1. Could you tell me the extents of the stretch 1-143's C-alpha atoms along the three principal axes, largest first, rounded to whole Å?
2. Could you check how much of the accessible area of the stretch 5-143 is carbon and sulfur, as a whole percent, using a 1.4 Å probe?
3. Using only the Cα atoms of the stretch 159-265, build the gyration tensor, take square roots of its eigenvalues as a ≥ b ≥ c, and label the shape rounded, prolate or oblate: rounded if a/c is under 1.5, else prolate if a/b is larger than b/c, else oblate.
4. Accessible area per residue of the stretch 128-259 at 1.4 Å probe, in Å²?
5. With every protein chain left in place, what is the accessible area per residue of the stretch 1-123 in square angstrom, probe 1.4 Å?
6. Which FRET efficiency value, to the nearest 0.05, is calculated for ALA122 and ALA193 with the Förster distance at 22 angstrom and r the Cβ-Cβ distance?
7. Shape of the stretch 1-63 from its Cα gyration tensor (a ≥ b ≥ c, root eigenvalues): rounded if a/c is under 1.5, otherwise prolate when a/b > b/c, or oblate?
8. Would you compute, from DSSP H runs of 4+ residues alone, the mean residue ellipticity of the chain at 222 nm, taking -39500 (n - 2.57) per run and dividing by the full residue count, rounded to the nearest 500?
Amino acid sequence: MTRSIAPSLAGVLERLELDQPELVTSDDLARLVDEAGLRTPAKVVAGRLRDAGWLLATGRRGVWEFAPASVAGPYSRRDPAMPLRAFLSQRPQARCALTFQAAAWAHGIADRAPARLEVAVADRELVRQLPEALAASVFAPHLEYVQRRDVPTLQPESVLVHMVSRPAAVRSWESAREWLPGLAAELQSDALARELDKRPAAVCARAGYLLQGMRPELADRIFAADPPRGKTWFGAHGPLRRHDNHWLIADTLLPFDPRRLPVAG
């Protein structure tokens, strides 16, 4: 598909082609317009580049996806991480990262990203600021974020602890069963201990309960460090799916018995 460009904007487009950015913000465009010596407002330049198919909407105002000549038309790369990347292009200091299945996909553990990317945010105020394309829940990890798919991502130990800290935030535990053994295989004992350090006893009990089939040695270490001291609910109070006397877990949520999940490795 042929895409035209006004001669006056050729310098801006040439620079975009040289830099090959995935995302272009209004600030980026203003800088390029200034470098090209144009008097045309950056907002007008953005509109013309959008109309010609060089800039594509991301769902975030003032942030566009650049469609270079190499893609042969105004076609998106359709990167599942694009909504978070677009948000962070304007809010680079925001404390948020992929979690749950989205993180498992980013780490190469799950074979697909969820339809709506799950994001862990460090404070509740940030939840209201994220685009609707992202599913947010509050969780502040002890471990540092890592970059996967060019966006911040929880480490596997943080993903596991997020899951047992906020079990109701996991949208599909049935889907999680597919990638949980792969996630469990990635867990490092010392890193998991750091992520669990000073967490509530209920979180530690749920972690041990969930891991006992897949990583029994990690479950044993959790038990030795912080034995259960009372009943813990895994899910809302209600009819039991199962009860675990060792971990004192009343499980009303999981659609599978974690004691029967395959040993990870």
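The values are calculated or read from the model by the stated rules, or taken from the named source; none is laboratory data. Since this is a predicted model, take the numbers as computed values, not measurements. Neighbour counts are summed over all protein chains in view; Cβ atoms, including those assigned to glycine, are modelled from backbone coordinates with ideal geometry. Please note that ligands, DNA and RNA were not included when accessible areas were found on the heavy atoms of the full protein model with its side chains. Shrake-Rupley method; radii C 1.70, N 1.55, O 1.52, S 1.80 Å.
1. Answer, in whole Å and largest first: 50, 31, 23 Å.
2. Working: 3320 of 6880 Å².
Answer for the stretch 5-143 is 48 percent, counting heavy atoms of protein chains only.
3. Cα axes put the stretch 159-265 in the rounded bin.
4. Values: 6010 Å² over 132 residues.
Value returned for the stretch 128-259: 46 Å² of accessible area per residue.
5. Details: 6180 Å² over 123 residues.
The answer is 50 Å² per residue.
6. On the way: r = 21 Å, r/R0 = 0.96.
That gives a FRET efficiency of 0.55.
7. Verdict is rounded for the stretch 1-63.
8. On the way: 11 runs with 103 residues, N = 265.
Mean residue ellipticity at 222 nm (helix-derived): -11000 deg cm²/dmol.
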